[in-house]
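Let me begin by presenting the structure, written as structure tokens, before commenting on it.
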Amino acid sequence: MRAAVVKAYAHPSKVPVVTDAPEPTPGKNDVIVDVYSAGLNFFDILQAQGKYQNQPPFPFTLGAEFAGRIAADSPIPRGCPYKPGQRVFGSGQGTYADKIAAPWNHLVPLPDNMTFDQGAGLFVTWPTSYEALVGRAELKAGEWLLVTASAGGVGIAACQIGKALGAKVIAAAGSEEKIEVSKKYGGADYGVNYKNPDWQKEVMKITGGKGVNVIYDPVGMIRDCLKFIAWKGRAIVVGFAGGEIEKLPLNLVLLKNISIVGIHWGAYSKHEPEHMTVVWQDLLKLLGSGRASPVTYTNVYPLERYADGLKELEERKTWGKAVVRIREDDTATKAKL
Ligand SMILES: NC(=O)c1ccc[n+]([C@@H]2O[C@H](COP(=O)([O-])OP(=O)(O)OC[C@H]3O[C@@H](n4cnc5c(N)ncnc54)[C@H](OP(=O)(O)O)[C@@H]3O)[C@@H](O)[C@H]2O)c1
């Protein structure tokens, strides 16, 4: 089968797709999934070069998120509710490949109103943003929410979820194009460009001088955002896409009576697996209702060109969720973007 197999650490541009990779061997609780689309992530670039926290032994296949169908010849373990041909999405090592073996209880059924491309970037980004806003920051209808990197994978999901919760959403991004994307596809009400030196004043003006109640930050810009946080505001630490782990003087936390909260969605599987089920139930209801819908970047590459997709991601050109299309969808699923 085809797969982007890493045999020695190198940038993905030097990791070609081979056609003679061995088919995955399913474990006791695994099903085999025909991968249709795979989500691109910055950490794939790090992992290919041996710079990521999770490094599988050589040789390994790159890619961590997917949507596809249970393969016709897949084993169906005891208790597994899936049937061959069923549409699912999930995560696992080695998704830049024709097939992947995955534990059935780590999969989620792909809603009918969604394409495989949309499903490929759902598994991590959407529950992260949902739990961050609902569980950690307790965002309420009518509050102001500001999202940094608002057109990015987790950011655009946060904009949509914020709108669905009834918040007034300010998109903050690094270009006018990304602000437009955040408004058009994320539903943001306002946009500010954080490359503009006066952007924090702009935010204060937009909120009528009140400031922002909840800040959702996947970049590492909390300190900058505390300039416009409201009294009793909540700032969510989501990530450090800017490349630096941010440090904060704690007097800033005291001055406006604020809370700084973190979100580490992956760690819920260890600490609160039962809560993950609750989040997925709520999310699938929201996504099924059509009030929120995953956004995918316009340039979708075939498997052989997965490294071109990662290059665009690395160069900060992508918006929404960038995906690789491994196979064309053979059904007439109509998804609303
Ligand atoms: N806590 C969790 O559980 C969790 C879960 C998923 C992801 N994350 C983290 O969230 C962050 C964003 O993930 P994502 O999937 O949304 O990524 P993404 O789609 O690649 O978006 C990242 C965005 O960050 C902005 N950015 C600012 N400075 C940057 C820099 N120096 N280099 C690259 N991008 C920069 C860019 O937007 P502008 O051009 O508009 O600035 C870029 O588009 C990552 O750090 C990821 O690890 C955390």
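Observations, loosely collected:
- The numbered conditions (1) under 29 Å from residue 197 (Cβ atoms); (2) surrounded by fewer than 19 Cβ atoms within 10 Å (Cβ to Cβ) are all true for residue 269 except (1).
- Selection within segment 23-64 - away from the ligand (no atom under 16 Å from the Cβ), of a type in the set (Phe, Trp, Tyr) and either farther than 21 Å from residue 85 by Cα or not assigned by TED's automatic domain parsing to the domain that holds residue 106 (or both): 58, 60
- Residue in segment 200-249 that is nearest to residue 126 (Cα to Cα), counting only those that are within 12 Å of the ligand (Cβ to nearest atom) and of a type in the set (A, V, I, L, M, F, W, C): 238
- Any hit, segment 300-316, residues being over 24 Å from residue 243 (Cα atoms), hydrophobic (A, V, I, L, M, F, W, C) and not assigned by TED's automatic domain parsing to the domain that holds residue 239: yes
- If the condition is being out of contact with any strand residue (DSSP E or B) (no Cβ under 9 Å at 6 or more places or on another chain) and of a type outside the set (S, T, N, Q), then segment 284-309 contributes 285, 286, 287, 288, 290, 291, 292.
- Matching residues, segment 201-245, being under 17 Å from residue 42 (Cβ atoms) and free of Cβ contacts under 8 Å to residues at least 24 places away in the same chain: 240, 242, 243
- Condition met for residue 44 (of a type in the set (Asp, Glu), surrounded by fewer than 19 Cβ atoms within 10 Å (Cβ to Cβ) and over 23 Å from residue 293 (Cα atoms)): no
The values are calculated or read from the model by the stated rules, or taken from the named source; none is laboratory data. Computed from a prediction, not measured in an experiment: that's the story for all the values here. Virtual Cβ from ideal backbone geometry, glycine too; neighbours counted across all protein chains shown.
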